[in-house]
Amino acid sequence: MRIVFLGPQGSGKGTQAKIISEILNVPHISTGDLLREVEGELRKQVDEYMLKGQLVPVEIVVQVLKQRIEKPDCKKGFILDGFPRSLEQAQELEKEIEIDKYFEIFISDEEAIKRLSGRRTCSKCGAIYNVNSDAKPLVDGKCDKCGEGLFQREDDKEEAIKKRLEIYHNETEPTIEKYDVIRVNGKQGIESVSHDILDKFDS
């Protein structure tokens, strides 16, 4: 089973990809991690762009993916997390790799902003909390683990989140409209979302 998980920032698609990959016993593949870990000739091609802070062309990303899914652990399938992010990427992907199911974990923009703007990171150990959920620190502004102060990353501020969501709506949603995407309500608790995804497999 070759699966793609899509969804706006804060939807929990990465969390669900990890959970479902463990249940199905297939690899959870993040293209960001792949590009950092790629070796051989493709490493040189990727570095030409990444070291300059440029986006790696989709053709190279797909070739890196092809190299990864040829490994034995992908024989039963895999889950792609957050790729393709645009219609162009989806079309390039399907030229080389057949995808069985596309899932979209959807939440409203308001929910995405609430979740992401509540994130706080420890300045020392990197632990992550959320002041808008059950994951808030025991002492406001202090890390439970090491006691250091917490801060809000620039890309977790409301204006930055709105810009990222705008990109998602403009670039990724046309992909969702083109393909037979299975929608799952991401506003539920983590276990409920996982249950709904697994139910879709059964149906």
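Have a look at Ile23, Ile161, Ile99 and tell me which one the Gaussian network model of the chain (Cα, springs below 10 Å) gives the largest fluctuation.
Ile23
Over 29 Å between Cα atoms, which of Lys44/Lys178; Lys44/Lys157; Lys18/Lys136; Lys18/Lys95; Lys95/Lys162 qualify?
Numbers: Lys44/Lys178 34 Å; Lys44/Lys157 35 Å; Lys18/Lys136 23 Å; Lys18/Lys95 26 Å; Lys95/Lys162 32 Å.
Checking Cα-Cα distances, Lys44/Lys178; Lys44/Lys157; Lys95/Lys162 exceed 29 Å.
Going by alpha carbons, how many degrees (0 to 90, nearest 10) lie between the helix axis of 190-202 and the longest principal axis of the chain?
20
How about the stretch 133-184: which GluC sites (Glu not before Pro) there lie in a loop by DSSP and see at most 16 other Cβ atoms within 10 Å? Walk me through the intermediate numbers first.
Numbers: sites: Glu148, Glu154, Glu158, Glu159, Glu166, Glu171, Glu177; in loops: Glu148.
Answer by residue number: Glu148.
Any idea what angle helix 41-50 forms with the longest principal axis of the chain, computed on alpha-carbon atoms, 0 to 90 degrees, nearest 10?
Helix 41-50 sits roughly 40 degrees off the main axis of the chain.
Which one, Ile60, Ile197, Ile20, projects farthest toward the positive side of the charge dipole computed for the chain from Cβ point charges (K/R +1, D/E -1)?
Farthest towards the positive pole: Ile20.
Given [x] 17.4, 62; [y] 18.0, 52; [z] 18.8, 60 as candidate values of Rg and Dmax of the Cα atoms in Å, which corresponds to the one derived from the coordinates?
Answer by label: [y].
Using a simple spin-label model with points 7 Å from Cα along the Cα→Cβ vector, what separation in nm is obtained for Phe201 and Ile23?
Label at Phe201, label at Ile23, 0.6 nm between them.
When the label point is put 7 Å from the Cα of Glu111 along its Cα-to-beta-carbon vector, which residues of the stretch 174-188 have a backbone N closer than 16 Å?
182-188
Reachable lysines from Lys163, Cα under 17 Å, same-chain residues fewer than 8 places away excluded?
Lys114
When the dipole is taken about the Cα centre of the chain, and only Lys, Arg (+1) and Asp, Glu (-1) are charged at their Cβ, what size is it in debye, to the nearest 20?
Around 560 debye, computed over the chain.
Just to check I understand the Karplus step: with θ = phi - 60° and J = 6.51 cos²θ - 1.76 cosθ + 1.60, what whole-Hz values come out for the stretch 99-105, glycine and proline as x?
Rounded to whole hertz, the list is 10, 7, 9, 10, 10, 10, 9.
Compute a Gaussian network model of the chain, connecting alpha carbons closer than 10 Å, and tell me which residue from Asp155, Asp73, Asp134 fluctuates the most.
Asp134
FYI, it's all coordinate maths here, none of it is from the lab. What you are looking at is a predicted structure, and each value in this text was computed from that prediction instead of being measured. Don't worry about glycine lacking a Cβ; one is built from the backbone with ideal geometry, like all the others, and counts go over all protein chains shown.
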